[in-house]
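Below: one structure, written as structure tokens.
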Amino acid sequence: MARTVGVIGGGQLARMMIPPAIELGVDIRVLEEAEGMSADIAASGVGDYRDLDTVVAFAETVDVVTFDHEHVPQPVLRELVRRGIAVHPGPDALLYAQDKLQMRARLGELGLPVPDWAAVESADDLAAFLADHGGRAVVKTPRGGYDGKGVRVVSDAHGADDWFAALAEDGRGGALLVEELVPFTRELAQLVARRPSGGMATWPVVETVQRDGVCAEVIAPAPRAHGRVEQAAADIARAVAEGLGVTGVLAVELFETTDGRVLVNELAMRPHNSGHWTIDGAVTSQFEQHLRAVLDLPLGATEPREDWSVMVNILGGPAEGTLLDRYPAALAAHPEVKFHGYGKDPRPGRKVGHVTAGGDDLDDVVYRARAAAAFFED
Ligand code: ADP
């Protein structure tokens, strides 16, 4: 059996794969971008994930390659596959997490519900889309966006001129993605894990709350999502995983619209912030499940351990010192809350940790999770 998982990227997602690797008794190695990153404890090398030789040398020391992020270039991924190295998720799937235009087009072909969208190459194209969509729309850079960077609401055909200019300047040309401004009541996320041999498992759909384009809180399961919405979310995620051939954990970010539809926003082909609650709140965490899936092992049960779990991100962290300086007070005040630090230096807006609270009274769980996280924010 394959027993050594290699993770490209040394961020907190790689870090959170380490405890379940220890528990399962499998080996984990990390190729980190720089020394001392979040997953440094399992790092077996420092190097550039865009450099073919670096990635091949790392891949040759492991049985299966997986990822902390989706930025490894397609030619590098394809060369690994050509050399017979197991890569999960593979390049054919990852393409759709790397390029939002390709993703929208493919999901449309699969008959999945997505916002109205178009590829636009000029202010004239954008003007036409705005005219058809009530004068407002969301423009996105197809590649390289994260945490809301590369997403902009526009009501003026020249509102994305700087991005068009940047596309022209980098010589590759290409288009921007424009979408209808979806009238959503809330954002949801559905996690699914899929094995190379096909088995899948979903966790309950969750509600995600974003502030300034960044995930701030997650409520699991999503309140009032029983029945149709819950089923729609799970069906969509399974169809995406199957249709795109995703292996490992896939997160599907969704909009629930004012008229009751569930639309796909974004895909992440790796463990995701919306699933951090599963570490403390579900029988099998997304990180353990990801390892099981990429090793093509049977998947674990996904039932919640609590009626409600609420995860609150620690964004930025203390103005002085580190998270650890605040632990004595925070842990004393909330012995029942689970604290997770990522070993990262505090910096405005940076995800440096999270807390998860659980229980049977949602208002109380929300209150306790927020109160615990507040110890770390100035
Ligand atoms: P990123 O890849 O940077 O996370 P997303 O595409 O997920 O970017 O968009 C970030 C946030 O912007 C979303 O969580 C949502 O709040 C808002 N958003 C994105 N697309 C739309 C849309 N079509 N209509 C309304 N809001 C949107």
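The values are calculated or read from the model by the stated rules, or taken from the named source; none is laboratory data. Here the structure is a predicted model, which means the values were calculated and not measured. Note that we place each Cβ from the backbone using ideal geometry, even for glycine, and neighbour counts take in every protein chain shown.
Number of residues in segment 158-193 that are surrounded by fewer than 20 Cβ atoms within 10 Å (Cβ to Cβ), among the charged types (D, E, K, R) and either within 19 Å of Val138 (Cα to Cα) or within 14 Å of the ligand (Cβ to nearest atom) (or both) equals 4.
Would you check which residues across segment 129-153 are over 17 Å from Leu101 (Cβ atoms) and at pLDDT 95 or above and list them? The answer is Leu130, Ala131, Asp132, His133, Gly134, Gly135, Arg136, Val153.
Only one entry of Thr302, Thr247 meets the criterion of being among the β-branched types (Val, Ile, Thr) and in contact with a Phe, Trp or Tyr (Cβ under 8 Å, 6 or more places away or on another chain), and that entry is Thr302. Against the test of being at pLDDT 95 or above and farther than 20 Å from Gln286 by Cβ, the options Val5, Val72 yield a single qualifying residue, Val72. Within segment 231-276, restricting attention to residues that are modelled with pLDDT of 95 or more and among the acidic types (Asp, Glu), the residue that is nearest to Gly90 (Cα to Cα) is Glu242. Can we say Arg261 is more than 27 Å from Gly6 (Cβ to Cβ), of a type in the set (Lys, Arg) and surrounded by fewer than 24 Cβ atoms within 10 Å (Cβ to Cβ)? Yes, satisfied. With respect to the conditions (1) within 12 Å of the ligand (Cβ to nearest atom); (2) in contact (Cβ under 8 Å) with a residue 60 or more places away in the chain; (3) closer than 19 Å to Phe255 by Cβ, Glu70 falls short on a single one, namely (3). Applying the set (1) among the hydroxyl-bearing types (Ser, Thr, Tyr); (2) touching a His at 6+ places or on another chain (Cβ under 8 Å); (3) more than 20 Å from Gly9 (Cα to Cα) to Thr284 leaves exactly one unmet item: (2). What number of residues in segment 252-274 are of a type in the set (S, T, N, Q) and free of Cβ contacts under 8 Å to residues at least 60 places away in the same chain? Qualifying residue count, segment 252-274: 0.
Results for (1) closer than 18 Å to Pro19 by Cβ; (2) out of contact with any Gly (no Cβ under 9 Å at 6 or more places or on another chain); (3) buried (at least 20 other Cβ atoms within 10 Å of the Cβ), shown as yes or no for each residue.
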| residue | (1), (2), (3) |
| --- | --- |
| His290 | yes, no, yes |
| Pro304 | no, no, no |
| Glu336 | no, no, no |
| Gly349 | no, no, no |
| Gly353 | yes, no, yes |
| Val366 | no, yes, no |
| Ala372 | no, yes, yes |
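Taking segment 115-168 on its own, how many of its residues are in contact (Cβ under 8 Å) with a residue 12 or more places away in the chain and part of a strand (DSSP E or B)? Of the residues in that region, 13 qualify. Pairs are defined by a Cβ separation below 6 Å, a sequence spacing of at least 6 or placement on different chains, a first member in segment 20-35 that is touching a residue at least 60 places away in the same chain (Cβ under 8 Å), and a second member that is in a loop (DSSP other than H, G, I, E, B); the pairs so defined are Val26/Arg3.
Considering segment 194-226 alone, what residues qualify as being among the basic types (Lys, Arg) and either surrounded by fewer than 19 Cβ atoms within 10 Å (Cβ to Cβ) or within 16 Å of the ligand (Cβ to nearest atom) (or both)? Within segment 194-226, Arg211, Arg224 meet the criteria.
Here Thr257, Thr247, Thr322 are screened, and the one residue that is touching a Lys or Arg at 6+ places or on another chain (Cβ under 7 Å) and of a type in the set (Ser, Thr, Tyr) is Thr247.
When segment 8-60 is filtered for residues that are touching a Phe, Trp or Tyr at 6+ places or on another chain (Cβ under 9 Å), among the charged types (D, E, K, R) and not in a helix (DSSP H, G or I), the ones remaining, listed by number, are Arg29, Glu33.
Residue by residue, here is whether (1) over 19 Å from Lys344 (Cα atoms); (2) of a type in the set (Gly, Ala, Ser); (3) in contact with a strand residue (DSSP E or B) (Cβ under 9 Å, 6 or more places away or on another chain) holds:
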site: Glu33; (1), (2), (3): no, no, yes
site: Val46; (1), (2), (3): no, no, yes
site: Tyr49; (1), (2), (3): yes, no, yes
site: Val65; (1), (2), (3): yes, no, yes
site: Gln74; (1), (2), (3): yes, no, no
site: Gln102; (1), (2), (3): yes, no, no
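Gly343: touching a residue at least 24 places away in the same chain (Cβ under 8 Å), closer than 28 Å to Leu94 by Cβ and either basic (Lys, Arg) or surrounded by fewer than 22 Cβ atoms within 10 Å (Cβ to Cβ) (or both), yes or no?
Taking the combined requirement at face value, the residue satisfies it.
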